[in-house]
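The values are calculated or read from the model by the stated rules, or taken from the named source; none is laboratory data. As the structure is a prediction and not an experimental result, all values here were calculated from the model. Please note: Cβ atoms are built from the backbone with ideal geometry, for glycine as well, and neighbour counts cover all protein chains shown. Note: accessible area is taken over every heavy atom of the protein model, side chains too, but ligands, DNA and RNA are not part of it. Shrake-Rupley method; radii C 1.70, N 1.55, O 1.52, S 1.80 Å.
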Amino acid sequence: MTDVPDKPSAPSATGAPGASSSPSAPGAPSATGAPGASSSPSAPGAPSATGAPGTPSAPGAPTATGAPGSSRAAGALPARALDRRGAILGVATAGAAAVVGTAIHAWNGASHGGATGSGRTTEATVTVKGMRFVPDTIDVASGDRLVITLENTGDQVHDLVLAGGATTGRVAAGASARLDAGVITGPVEGWCSIAGHRAQGMVLRITADGRATGAAQPSQAATGHGGHGGHGAAADGPSATPNREAPLPEGFTPFDAALAPAPAGTVHQHTLTVTEVPSAYVGAGVTQTRWTFNGTAPGPVLRGKVGDTFEITLVNNGSMSHSIDFHAGIVSPDAVMRSINPGESLVYSFTAEHAGIWLYHCSTAPMSVHLASGMHGAVIIDPDGLAGVDREYVLIQSEIYLGPEGGVTDADKVAAKAPDLMCFNGAAFQYALQPLKARPGERVRFWVMDAGPSLPTSFHVVGLQFDTVFFEGAYQLGGPDGVGRSWRGGSQALGLQPAQGGFVEAVVPAVGSYAVVTHAFADMEKGAMAILKASE
């Protein structure tokens with residue numbers, strides 16, 4: 001979400017007192033003015049907004065429902081404070097990170113640029129269905145002041161932001177908030193500012209006397225239109241520019257790719273806490289606000305054996321709804337994969353019935369944006385009879401779609417499958433600049449998973465051949481049965497689609513620097529590369 005300006009960048013056009021309304025656009029709700037106003041009836045089947053007589057209060061002076069003169073309801077943050085939530089760690093509960101009462105937030109600035117109203121106030125209620133506002137168009141009489149009640153009837157946190165800066169703030173599922181849109185004398189567009197929601201269709205259009213919004217409003221550029229209402233640090237401005245020659249920043253510690261053996265015991269209890277981390281390094285000299293499990297992207301790598309039980313507690317300390325989906329479990333998704341609001345938690349239990357490296361990820365819509373923002377990880381379930389090796393590494397390939405420096409994932413780029421960077425374990429080029437280690441003669445196993453969200457990989461190590469290949473639960477080469485040994489079979493690459501995984505093994509022949517890459521070279525050049533440094 002962008003920081004709300006002190007004054008709306010493009011206030012509504014000046015209205016004339018006593019202006020009468022024209023018939024509503026087909027399918028759009030119409031507003032009924034106060035007594036004395038001439039208003040035409042709504043189009044058949046269109047919901048109507050009821051006007052309330054009286055002189056509107058100054059737009060810069062919001063009042064809380066049921067508490068005249070109060071600045072806001074308990075639990076609701078002012079627009080500027082709310083907009084800064086994403087620029088710090090997501091440690092708020094639902095009462096602070098999402099609106100849990102009913103509040104009204106007005107534009108900053110008392111005059112709306114000097115617009116003169118009709119003296120009427122029109123009220124309209126907007127609900128949520130999936131990724132849509134219902135209704136998605138509101139028509140009012142030109143010159144009326146518009147007050148919108150957003151009832152979040154969806155299953156996750158949403159908000160409503162209007163071009164120019166008026167906002168409800170975050171509204172938890174089941175809660176509501178009121179927004180003072182000010183005097184309406186021209187078209188205005190609104191949207192949900194949570195990253196990816198606008199791209200999914202959460203757009204509200206306000207028309208005056210049936211005049212549609214048409215082209216994008218000039219004020220949208222000033223309020224983060226290009227970032228689709230980013231969530232976190234500043235979402236407006238140009239995308240960050242990666243520098244592929246940049247060194248690792250001082251104080252940065254690469255994600256630990258070394259894999260420990262599966263722990264003893266058959267029951268594994270873990271807590272995964274959702275936090276939103278500002279200024280997280282993603283490679284090539286760029287930082288972004290990342291949505292994480294336990295503060296890292298990817299999240300923790302979990303490991304066990306076939307038959308083990310995993311008991312996972314998911315805690316949402318973010319400022320929006322999140323969820324989790326473990327591909328390693330066979331479960332009914334309805335309860336354990338549901339989205340939970342900030343401050344809530346759930347327990348997700350499953351028994352590992354099959355071997356492999358399994359993706360877990362946030363499954364809250366839009367999943368592509370949540371996953372691309374860092375909300376993914378791996379569960380490794382060892383196959384029976386897994387042989388010992390000298391070293392094991394885990395490499396999770398994913399895509400990074402840059403918003404502004406320090407900002408959030410660009411949802412438009414995600415939809416276009418046009419990443420700026422590709423990476424192993426959350427940061428482009430990190431293991432090229434701080435290599436993985438081995439010694440000559442050692443057998444090295446690489447567990448590899450493609451987290452996506454959208455692009456495949458072809459995992460390859462320059463100078464080595466794989467004599468053991470385990471792909472999606474089955475040995476293609478090697479293993480207890482020695483598949484391929486009789487014909488001296490070998491492999492040069494492990495091809496994976498998003499959410500697929502496996503492992504490969506090779507023996508390092510001599511001292512040297514072995515490039516570990518995706519053989520989709522355009523993606524390698526964006527950062528999906530590492531060095532395996534073999535030395536005595």
Review point. Taking the range 249-275 as the region of interest, how many residues are open to solvent by less than 60 Å² (accessible area, probe 1.4 Å) and at positive phi?
Key: 1
Check your understanding: Across the range 192-207, what is the total count of residues that are within 19 Å of Ser373 (Cβ to Cβ) and of a type in the set (Val, Ile, Thr)?
Key -> 1
Check your understanding: Can you tell me how many residues in the range 332-348 are open to solvent by 60 Å² or more (accessible area, probe 1.4 Å) and either of a type in the set (Val, Ile, Thr) or over 10 Å from Val315 (Cα atoms) (or both)?
Key -> 5
**Study point:** Test set (1) touching a strand residue (DSSP E or B) at 6+ places or on another chain (Cβ under 9 Å); (2) modelled with pLDDT of 95 or more; (3) open to solvent by less than 60 Å² (accessible area, probe 1.4 Å) - Gly285 fails condition number
**Key:** (1)
Check your understanding: Of the numbered conditions (1) open to solvent by less than 50 Å² (accessible area, probe 1.4 Å); (2) under 25 Å from Glu245 (Cα atoms); (3) of a type in the set (A, V, I, L, M), Ala522 satisfies every one except a single condition; which is it?
Key -> (1)
Review point. Which residues, taken from the range 176-187, are assigned to a strand (DSSP E or B) and open to solvent by 10 Å² or more (accessible area, probe 1.4 Å)?
Key: Ser176, Arg178, Val183
Review point. Quick one: would you say Arg198 is in the same structural domain as Met131 (by the TED database), basic (Lys, Arg), part of a strand (DSSP E or B) and touching a residue at least 24 places away in the same chain (Cβ under 8 Å)?
Key: no
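Just to be sure I understand, how many residues within the range 307-331 are among the acidic types (Asp, Glu) and either surrounded by 17 or more Cβ atoms within 10 Å (Cβ to Cβ) or outside the structural domain of Ala499 (by the TED database) (or both)? Give the derivation first.
Quick first cut of the range 307-331, residues among the acidic types (Asp, Glu) only: 308, 311, 325.
Subsequent filtering for residues that are either surrounded by 17 or more Cβ atoms within 10 Å (Cβ to Cβ) or outside the structural domain of Ala499 (by the TED database) (or both) retains 308, 325.
Summing the residues that are among the acidic types (Asp, Glu) and either surrounded by 17 or more Cβ atoms within 10 Å (Cβ to Cβ) or outside the structural domain of Ala499 (by the TED database) (or both) in the range 307-331 gives 2.
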Review point. Taking Ala234 and the conditions (1) modelled with pLDDT of 95 or more; (2) aliphatic (A, V, I, L, M); (3) within 26 Å of His370 (Cα to Cα), which numbered condition does it fall short on, given that it satisfies the others?
Key: (1)
Review point. From the set of residues in the range 444-478 that are in a strand (DSSP E or B) and within 29 Å of Gly196 (Cβ to Cβ), which is most open to solvent (accessible area, probe 1.4 Å)?
Key: Ser458
Review point. Restricting attention to the range 378-406, which residues are under 15 Å from the mean Cα position of the chain (by Cα), part of a strand (DSSP E or B) and touching a residue at least 60 places away in the same chain (Cβ under 8 Å)?
Key: Ser398, Ile400
